[in-house]
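Take a look at the structure below.
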Amino acid sequence: MIVLMSCNDRPGIVSILSDIVFRNKGNILDLQQHVEIEENRYFMRLSIDNSTLTNDSKNKIKEEINNSFIDFDAKISFFDEKNPISIGVFVTKESLPLYDILIKHNSGELNCNIPIIISNHEDLKYIADNFNIPFAYFAIDADSKFDQEKKIIKILKDYKVDLVVLARYMQILTSNFVKNFTSINIHHSFLPAFKGKNPYKQAWDKGVKIIGATAHYVTEELDEGPIISQDVFPVNHNFSVKKLIEVGQNIERRVLTSALKSHLEHKIIIYKGRTIVFY
C-alpha cells in the first residue's frame, strides 16, 4: 500500500502517520519525505507492507489518515500495488522507445498492463504482433483529427486504460483528449530549450554543447507540462544533425522508461506545475 501526501508542514507529521500504521497492525517498509521550506509544504511517500494488512485495516488506515490531516490543507492519495496501472502506448514510426517499454514490461521491470498500442501509421504493427498486443491504426490529418480522437478515447476507455504514454507519437493532442487522460510524453530536447518541431536541428543551429531529452506530463500547452525525468549527453562541433539524432534516441528511451517507472510506482507528486519525484 502506497500513500502519497502533501500538506502544510508542522512538527509531528511522521509521528501521526507511524502511530496510525502501528495501531492498525501495519509495517512501514519505506518513508521518503521532502520539505519546501520557503512555502512551508511537506511532501511524503509512504510504503506499507501489504502482507500485514487486511481490507478492513487498509480502509481504517485511509480513514484515519484523512481525518488526521483535515486541518493541514492536505492532498492525499492511496494506491494498492496489487492493482497495476493499464497503459496505452501511442507511437508513430520510431521503434526504439516502444521496444524499450515492451522489453522492460516483459522482464517485469515495469509493473503495468499494456492492453493496446495506438498509432497514426501502420509501420510498427509488426512489433505489436510480436508481443501479442492489439494494435489500433488511425490515420489522422487536420480534417479528421477531432473525430479520430473521439474513436481513440472510446477504445482507451473500452480497454480501461489509466495512463497514455506518447512514445514518439508525432501528433499534438487536443485539449479534449488531455482532459480525458493523464499522459506522459518524451520530448527530444532538454526542456525548456527547443520546444516544438525539429529540436535536434534547433540545437545544431545554436551550436549546443549538450543535448538531452525530457519526459513530462502532457498539458494543453505544448511541451510545457510538469517535468518528470531528464538526461543529457555532451556533444561538440563535430556532431552533425544526424549524429545528434543517433545519440539522442538512446537518451530518449532511457528517460521515457525512467519517468514511466516512477509513475507506475507512485513516486511522483505534482505541485504548482513542477514535480517531486521520490527515488
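Derivation of every value follows stated rules applied to the coordinates shown; laboratory data play no part. No experiment lies behind these values; they were computed from the predicted model shown. Counting neighbours? That spans all protein chains shown, and the Cβs are built from the backbone with ideal geometry, glycine included.
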| How big, in percent, is the set of alpha carbon pairs in the stretch 74-218 lying more than 27 Å apart? | 27
| Helix-only CD estimate at 222 nm, as mean residue ellipticity for the chain, using -39500 (n - 2.57) per DSSP H run (n ≥ 4) | -10500 deg cm²/dmol
| request: With no solvent and one equal point scatterer per Cα, compute the Debye intensity ratio I(q)/I(0) for the stretch 101-160 at 0.24, 0.27 Å⁻¹ and report its log10, rounded to two decimals. | output: -1.03, -1.14
| Charge tally in the Cβ shell below 15 Å around L156, where Lys, Arg are +1 and Asp, Glu are -1, L156 excluded | +3
| note | Dividing the mean separation of Cα pairs under 8 Å (6+ apart) by the residue count of the chain yields a relative contact order in percent of 16
| query | Looking only at D141, D100, D80, which one moves most when the chain is put into a Gaussian network model with springs between Cα atoms under 10 Å? | reply | D141
| Nearest 10 degrees, 0 to 90: what angle lies between the long axis of helix 241-264 and the longest principal axis of the chain (Cα atoms)? | 20
| Sorted by Cβ density within 10 Å, fewest first, the residues T92, T214 | T92, T214
| request: Could you grab the relative contact order for the stretch 131-279? Cα pairs under 8 Å, six or more apart, rounded to a whole percent. | output: 18
| Residue (of I87, A142, S189) at the positive-pole extreme of the stretch 85-277, dipole from beta-carbon charges | S189
| message | Springs between alpha-carbon pairs under 10 angstrom, Gaussian network model over the chain: which of N176, N250, N185 fluctuates most? | response | N176
| remark: Expected max-MSF residue from A213, A203, A142 in the GNM of the chain (alpha carbon, under 10 Å) is A142
| query | What percentage of all Cα-Cα pairs in the chain are separated by more than 29 Å? | reply | 42
| remark: Answer in debye to the nearest 20: the dipole magnitude of the stretch 2-79 about its Cα centre, from +1 Lys/Arg and -1 Asp/Glu charges placed on Cβ, is 320
| task | Check the straight Cα-Cα distances from K243 and name the lysines below 30 Å, setting aside those fewer than 8 residues away within the same chain. | result | K93, K104, K125, K195, K197, K201, K206, K209, K261
| message | On the principal axes of its Cα set, how long, how wide and how thick is the stretch 5-83? Give whole Å, largest value first. | response | 39, 21, 20
| query | Rounded to the nearest 20 Debye, what is the dipole magnitude of the chain about its Cα centre when Lys and Arg each give +1 and Asp and Glu each give -1 at the C-beta? | reply | 360
| note | Tilt, helix 13-23 to longest principal axis of the chain (alpha-carbon atoms), in degrees rounded to tens, equals 70
| task | Going by C-beta contacts inside 10 Å, put Y200, Y137 in order with the fewest on the left. | result | Y137, Y200
